[in-house]
1. So is GLY75 under 27 Å from ASP109 (Cβ atoms), in contact with a Leu (Cβ under 7 Å, 6 or more places away or on another chain) and open to solvent by 20 Å² or more (accessible area, probe 1.4 Å) or not?
2. From PHE67, PHE57, grab the single residue that is open to solvent by 80 Å² or more (accessible area, probe 1.4 Å), among the aromatic types (Phe, Trp, Tyr) and over 16 Å from the mean Cα position of the chain (by Cα).
3. Give the range 155-184 a look and list any residue that's part of a helix (DSSP H, G or I) and under 12 Å from the mean Cα position of the chain (by Cα), or say none.
4. Where residues in the range 17-30 are over 12 Å from GLY80 (Cβ atoms) and assigned to a helix (DSSP H, G or I), which of them is least open to solvent (accessible area, probe 1.4 Å)?
5. Any idea which of (1) open to solvent by 50 Å² or more (accessible area, probe 1.4 Å); (2) in contact with a strand residue (DSSP E or B) (Cβ under 8 Å, 6 or more places away or on another chain); (3) closer than 30 Å to TRP119 by Cβ is the one ALA105 doesn't satisfy?
Amino acid sequence: LRLRVVISDPAVTRRLTAPFARLFSPYLVVPALVAFVGVCWLVLAEKGLASATHQAFFQPGLLLAVFVVTVLSAGFHELGHAAACRYGGATPGAMGAGLYLVWPAFYTDVDDSYRLSRWGRLRVDLGGLYFNVLVADLVFLAWLGTRQDALLLGVATQLLQMLKQLGPFVRADGYHLLADLTGV
C-alpha cells in the first residue's frame, strides 16, 4: 500500500478495541458461528438470492444500503483483527485505508501479535472473518425484522468478502493463516 491514510492511531485503536475484544469469548463465538451456518443455509440453500436481487434492483435504496453495509463491514473486518489482537494480550497498532493496486483496502497493524502463541496468532488471523460472520448474523436479524429480501444480499457479500480474504496467494488473511498454521 503506497497511497494510505491512518484512520486510527495506536492509542485510539486500543480504546476502540476494548469493548470489541469481549466478542471473542467462547460463549459468544460458538453461538455466532452456529447462527452463521444456519443463516448461510437459509440464504443459499432454502431461500436463494433471486428475490433479493430482484427487489434490490427495483428498489435502488436497498441496493445502496447493501453497498454501504459492505463497505463499512470491510472496516469492521479490520477492527476484528485488532480486537482479536487485544483479546490475546497483544497491542494493536494503527488502522487505516489505502489503495492496493486500484482497489480500496483497509489495514490494521497487528505486528505485536507475533509475540502471541500460534493459537493466538491464528485468532488474530481469523478475527476479521469472525467479524464478517457477526455482520452476516446482524444483517439476517435485520431481514427478520423487516423482511426486505434485498438485505440478504448483505449476507452474500459477507461470504464473498470472506472467500476473497481466504486466498493464500496475496497477503490477505489466508496468506497469514497458512503461514501461522505451518509455522513458516
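The values are calculated or read from the model by the stated rules, or taken from the named source; none is laboratory data. Since we're looking at a predicted model, the values are computed, not measured. Ideal geometry is used to build each Cβ from the backbone, glycine not excepted, and the neighbour counts take in all protein chains shown. Remember, those area values only see protein heavy atoms, side chains included, never the ligands or the DNA or RNA. Shrake-Rupley method; radii C 1.70, N 1.55, O 1.52, S 1.80 Å.
1. Details: under 27 Å from ASP109 (Cβ atoms): yes; in contact with a Leu (Cβ under 7 Å, 6 or more places away or on another chain): no; open to solvent by 20 Å² or more (accessible area, probe 1.4 Å): yes.
It is false that GLY75 is under 27 Å from ASP109 (Cβ atoms), in contact with a Leu (Cβ under 7 Å, 6 or more places away or on another chain) and open to solvent by 20 Å² or more (accessible area, probe 1.4 Å).
2. Values: PHE67 fails: over 16 Å from the mean Cα position of the chain (by Cα).
The conditions single out PHE57.
3. VAL155, THR157, GLN158, LEU159, LEU160, GLN161, MET162, LEU163, LYS164, GLN165, ASP173, listed by residue number.
4. Filtering the range 17-30 down to residues over 12 Å from GLY80 (Cβ atoms) leaves 18-19, 22, 25-28, 30.
If we keep only those that are assigned to a helix (DSSP H, G or I) too, we end up with 18-19, 22, 26-28, 30.
Values: ALA18: 34, PRO19: 66, ARG22: 164, PRO26: 80, TYR27: 191, LEU28: 81, VAL30: 89 Å².
Looking at the filtered set, the residue picked out is ALA18.
5. (1)
To keep it simple, each residue is scored yes or no on (1) out of contact with any Cys (no Cβ under 9 Å at 6 or more places or on another chain); (2) of a type outside the set (A, V, I, L, M, F, W, C); (3) at pLDDT below 90.
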site	(1), (2), (3)
VAL5	yes, no, no
LEU16	yes, no, no
VAL29	yes, no, no
VAL37	yes, no, no
ALA74	yes, no, no
ALA82	yes, no, no
TYR87	yes, yes, no
PRO92	no, yes, no
LEU99	yes, no, yes
